[in-house]
Amino acid sequence: MSRSAAEAAAVPATIMSRRREARPAVRAWTRWLLRRIGLALITLWLISLLVFAATHFLGDPARAILGRSATPERLAALRTELGLDRSAVRQYVSWLGGVLTGDFGTSLATKGPVSALIGGKIVNSTVLVAVSAVIIAPVSAVIALVSARRRDSATDNVLQVALLTTAALPEFVIGILLVTLFSTVVLTWLPSVAVSWTGSPWTDPVVMILPVATLALAVVPYVARILRASLIEVLESDYVDMARLKGVPEWSAVARHALGNAVVPAIQVMALQLAWLAGGVVVVESLFLYPGIGTALVDAVRNRDVPVIQALALLIAAVYVVVNLIADVLTILVTPKLRTGVR
Amino acid sequence: MPETHSPPPATPHAMKRRDLLRGGALLAASVPAAGLLSACSPNRVAPAAGRPVRGGVLRVGVSGGSAKDTLDPHNPLSYPDQARVVNLYEPLFHHDAAYRLKPFLAESLEPSKDGRTWLLRLRAGVEFHNGKTLDARDVIATLRRIVDPKAPTAGATSLSVVDAGRLRRVDATTVEIPLKHPYALLKDLLAQYSLGIVPEDFDLRKPVGTGPFAYKSFAPGDRSAFTRFDGYWRRPAHLDELHIIDFPDDTAKINSLLSAQIHAIDNLPPAYIDMIEKQGGQVLISETGSWNPITMRVDTPPFKDVRVRQAFRLIVDRPQMVKQVLGGQGRVGNDLYAPFDVAYNSDLPQRHQDLGRARSLLKAAGQENLTVELVTSGGIGSGAIEAAQLFAQQAKGAGVKVKVRITDSATFYGDRYLSWPFAQDYWFTRNYLPQVDAGSLKTSPYNETHWNDAEFNTLMDRARRESDASKRNELLKAAQRTEYDRGGHIIWGFKNQVDAYAANVTGFTANRNLPLSNYEFRNVSVSG
């Protein structure tokens, strides 16, 4: 991102008239996008190599699966079942071929397809992350706006201390604190585990409160602080001063002139945090027994269910790559200088 | 089963535990005194009255479970599997709360003179959940399913003595069971929770048994639901429904009990006992025969020398082990297993730490300043690593340097499992003969100590064929003496089972089998 920004700044595209440069800009933009997608694909391929190597060459999976009951006959049978008797390259190629056609193999635990096992869990985790994101974005924006507008006031100081304290706590500590406060020791208002008696946890909003609150508290401090810093920078910039001098009302100066420019770092930090959520959700899910990819991953590792571990590791990595790609695209789109300047 | 329920909470809690240590009050109801409940506790519920309440749903949190979960009556792997199997299906014999052998779906089992053919009489009028009456055909089909050579189940090895091909139905309630060779303790073999009787046309997708709860729904790794079976052959359960929820994580399990989302949990870590009681919950403590031995290979130096083994058994400070490793929730062992067996040899004197004698034995064996590596793993079970480290400390007193090597589960149970010279293992409650079959013979699948003693083998062989109970017990006691004198196990203690349940639940009693009153929820009721 920073490189394309620097390149863009070097190109004096903005001086050209809008009509004449529109077509080459679109073409440049498309080329840039394709290059980014290509890089993302290469990254994903490298990750697939890494995941495969990590699950296959760090110890014998067959032996790890059987544990105490590993007799030579059962070992041989399981190795054949897992295809471990073939060469590593052939195993990798057939696995990658399966992944590309949407077939993640057969779970060793359920003996059914991996996709059937993790499909519902992916939906559950997506709902959890999406609900959290929907709460995180406006809450962070409001906190940042209040702090930036009242910079160095008592309100701002209190907010900053609170944000820093929360940011310093790992998410499982936040989760345990929330459970202690609201569901076990102090008060018993909320359920401590996300077990719904009717169906998926998200059909039962009460059980979602603590997991969502934990994720929100883990992420809001970062987003709010970055947004506050960039808002302060923008609010003190010449063009906002100019707007104010022209008599533009303060709310309009903030909303129309400041926010748009302050949103770029926010997109980037939101993306990083969303990507983190895809992995960080593991800890929060197992704390609250939330039936998502986090608990599925912990379960798969405990069962040495290699195909499920591979699928989930690849999925989490893919989320990371895709979210970052989307953030970069959005950044380009909301920044006119970059939008017109990419080569 | 006793129909009595918890008396009004009059006995102070401390007395409950003292009673338990005496062992006499094993079956005493475990209800903490209301006066001890913290007054500020938000979870406080009026203690349930003695009379059971009919109806309601019991939600039980059970440790472990995963996508591997199964309802297969003959292949339960995890605690949640056990909890489901025990409520759906019932075996021919079972162990009662005190681990005494009792007929269950069977009425009797009598051997022929040569001990090779047994006549099994079934209880009449027992119904399956689908209304079908239990018949001898179902028993034969079940036994054949268990030992099916194409898909052998967990119980196949223990029933290998049964000649399944020649099982014969005499009439609706009588089965003739031929054995491949004489075996005196067939009843004990049949008294396993994983040998539940199922109908001839059993279908795992619609599981049917004779248990007090019938199948309603099942999601592996998540939860399962069961409804009361009104046609049950004993008094039916009080509850309308039973829900079992998997809890791979202890913290989540304890939290959900405290937040009143569930009514009972199994396997409470002893460190949480006081906390649960302060929060108004009830704690259920049961003595068990589970043991976590330190294993010495009797065929490898330095343990090849019996004096070294004897010295190591004198090194261990048993009361300290129980106090620190089990948090006081256990009792000391005497290097013998199967403490609930009628043949348990209680005449042998209790071993105590004696570092002076240990030193002189080691000196006599030429093993002063001995250094050994003790292999352990978190995968063996909770407390294993702590026990190894504590033993290493205690060994310093006898001039022995024990290096504790902590391995991951895959390494411990990997290539070298059962050949580590000095390691640990974990066993659940068993009677003497089944335990010997599993771990103390040359042919046993898990003989960690490589124990293969000529005198012991002869005694066991005679005991197996001896149909006279008192003669058999004498032989088994003599066999235990050889292990006590020369064996390779350091059995420092037996672990208590600790479970917890909410204040508004009654009907749980101490039990020497599985956790939470052997997961038997028929007598349990929920009020409010």
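The values are calculated or read from the model by the stated rules, or taken from the named source; none is laboratory data. Quick caveat, the model's predicted, so the values are computed rather than measured. Virtual Cβ from ideal backbone geometry, glycine too; neighbours counted across all protein chains shown.
Below is a table of values for the structure above.
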{"read-out": "Looking only at the stretch A:206-217, and only at residues there that are under 25 Å from A:Val158 (Cβ atoms) and within 14 Å of another protein chain (Cβ to nearest Cβ), the one that is surrounded by the fewest Cβ atoms within 10 Å (Cβ to Cβ)", "value": "A:Ile209"}
{"read-out": "Residue list for the stretch B:447-473, restricted to those being in contact (Cβ under 8 Å) with a residue 24 or more places away in the chain and of a type in the set (D, E, K, R)", "value": "B:Glu448, B:Asp453, B:Glu455, B:Arg464, B:Arg465, B:Glu466, B:Arg472"}
{"read-out": "Single residue of the stretch B:234-245 satisfying the filter (buried (at least 23 other Cβ atoms within 10 Å of the Cβ) and in a loop (DSSP other than H, G, I, E, B)) that is farthest from the other protein chains (Cβ to nearest Cβ)", "value": "B:Ala237"}
{"read-out": "Filtered residues of the stretch B:301-359 (kept if more than 27 Å from the chain's Cα centre (by Cα) and of a type in the set (D, E, K, R))", "value": "B:Lys304, B:Asp305, B:Arg307, B:Arg309, B:Asp354, B:Arg357, B:Arg359"}
{"read-out": "Some residue of the stretch B:246-262 being modelled with pLDDT of 95 or more, part of a strand (DSSP E or B), within 26 Å of B:Asn523 (Cα to Cα) and not assigned by TED's automatic domain parsing to the domain that holds B:Lys442", "value": "no"}
{"read-out": "Helices (runs of 4 or more DSSP H) wholly inside the stretch A:259-343 containing at least 2 residues that are at pLDDT 85 or above and buried (at least 19 other Cβ atoms within 10 Å of the Cβ)", "value": "A:259-288, A:293-303, A:306-334"}
{"read-out": "Leading residue by the ranking (farthest from the other protein chains (Cβ to nearest Cβ)) among those in the stretch A:259-293 that are small (Gly, Ala, Ser) and over 13 Å from the mean Cα position of the chain (by Cα)", "value": "A:Gly260"}
{"read-out": "Any hit, the stretch B:388-399, residues being surrounded by fewer than 20 Cβ atoms within 10 Å (Cβ to Cβ), farther than 21 Å from B:Tyr337 by Cβ and within 14 Å of another protein chain (Cβ to nearest Cβ)", "value": "no"}
{"read-out": "Filter pass, B:Gly379 being modelled with pLDDT under 90 and not in a loop (DSSP other than H, G, I, E, B)", "value": "yes"}
{"read-out": "Selection within the stretch A:85-114 - assigned to a loop (DSSP other than H, G, I, E, B), free of Cβ contacts under 8 Å to residues at least 24 places away in the same chain and not hydroxyl-bearing (Ser, Thr, Tyr)", "value": "A:Asp85, A:Arg86, A:Gly102, A:Asp103, A:Lys111, A:Gly112"}
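Residue by residue, here is whether (1) more than 14 Å from chain A (Cβ to nearest Cβ); (2) closer than 30 Å to B:Glu127 by Cβ; (3) surrounded by fewer than 20 Cβ atoms within 10 Å (Cβ to Cβ); (4) touching a residue at least 12 places away in the same chain (Cβ under 8 Å) holds:
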residue: B:Ile262; (1), (2), (3), (4): no, no, no, yes
residue: B:Gly281; (1), (2), (3), (4): no, no, no, yes
residue: B:Leu284; (1), (2), (3), (4): yes, no, no, yes
residue: B:Glu287; (1), (2), (3), (4): yes, no, no, yes
residue: B:Thr295; (1), (2), (3), (4): no, no, no, yes
residue: B:Asp305; (1), (2), (3), (4): yes, no, yes, yes
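This table checks each residue for (1) within 12 Å of chain B (Cβ to nearest Cβ); (2) over 19 Å from the mean Cα position of the chain (by Cα); (3) among the charged types (D, E, K, R).
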position	(1), (2), (3)
A:Arg151	no, yes, yes
A:Asp156	no, yes, yes
A:Leu164	no, yes, no
A:Ala167	no, no, no
A:Leu178	yes, yes, no
A:Asp204	yes, yes, yes
A:Val219	no, no, no
A:Val223	no, no, no
A:Ser230	no, yes, no
